[in-house]
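Asks: I'd like to ask some things about the structure below.
The values are calculated or read from the model by the stated rules, or taken from the named source; none is laboratory data. Note that the structure is a prediction, hence the values are computed from the model and not measured. Quick reminder, even Gly has a Cβ in these numbers, built from the backbone with ideal geometry, and neighbours come from all protein chains shown.
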Amino acid sequence: MFKLPDAFEVPRVQTSAWNIPEPIIENVDEKKRLFGLNLAKLSPFKAACEVFPDDTNTALYVSHNWVNDPIVVASKDKYLEAADQSQALLDKEQFARMLLNMASEKNASNTVHILDGKDRLKALELYAKVTGFIDTKADPLLTQNFVHNSMTIKLVEPVAKEKPITIDHNEAEIQNSNSPLKLKLVG
């Protein structure tokens with residue numbers, strides 16, 4: 001009668017949580033350089049939160065879309081190169097990176113490790129302590145001291161026995177100095 005089709009198709013809409021519209025950012029190149037410096041030290045989202053502390057949506061967009069940006073990569077590489085050549089005191093991340101490089105360093109032909117096994121193990125153990133994988137302080141709640149196979153002997157004195165009171169049936173009244181009552185024995 002009306003010749004309507006038996007089925008129809010709904011156009012598919014491409015939606016995703018990662019398709020965030022590009023935010024409006026002032027001083028984009030400066031923010032990219034700053035993001036690259038923080039990216040050398042932190043994970044992408046934490047680095048973006050350092051650059052945009054009050055705007056999480058922008059930080060999410062930046063952490064997802066700026067990681068491979070040429071300005072960000074150049075800034076990150078420049079920071080890492082300067083950190084490797086720096087003769088100043090090392091921070092925690094630089095020291096950990098140096099220990100990891102020392103433990104995995106190989107000879108010129110890239111076949112044999114330069115350090116012996118025990119030295120590599122010590123370097124990796126120190127790396128784990130520096131990065132916090134191994135806790136050097138013992139947790140007092142987890143420490144339990146059990147003493148097995150022990151015996152405690154306590155010596156006590158016996159309680160002094162009181163002498164039994166003998167009652168003479170001939171006596172008419174029993175005198176009890178502790179009690180105001182007077183007892184009379186009938187029998």
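Asks: Modelled with pLDDT under 80 and aromatic (Phe, Trp, Tyr): is that true of Phe95 in this structure? Steps first, please.
Replies: Values: modelled with pLDDT under 80: no; aromatic (Phe, Trp, Tyr): yes.
So Phe95 fails the test.
Asks: Do you know which residues across the range 63-106 are farther than 30 Å from Arg120 by Cβ, part of a helix (DSSP H, G or I) and not aliphatic (A, V, I, L, M)?
Replies: Residues satisfying the conditions are Ser63, His64, Asn65, Pro70, Ser75, Lys78.
Asks: Also, I was wondering about something else. Filter the range 36-52 for residues that are of a type outside the set (A, V, I, L, M) and over 12 Å from Asp77 (Cα atoms); which is surrounded by the fewest Cβ atoms within 10 Å (Cβ to Cβ)?
Replies: Let us first name the residues in the range 36-52 that are of a type outside the set (A, V, I, L, M), namely 36, 38, 41, 43-46, 49-50, 52.
Adding the requirement that they be over 12 Å from Asp77 (Cα atoms) leaves 43-46, 49-50, 52.
On the way: Ser43: 11, Pro44: 18, Phe45: 14, Lys46: 13, Cys49: 20, Glu50: 16, Phe52: 20.
Among those residues, the one meeting the criterion is Ser43.
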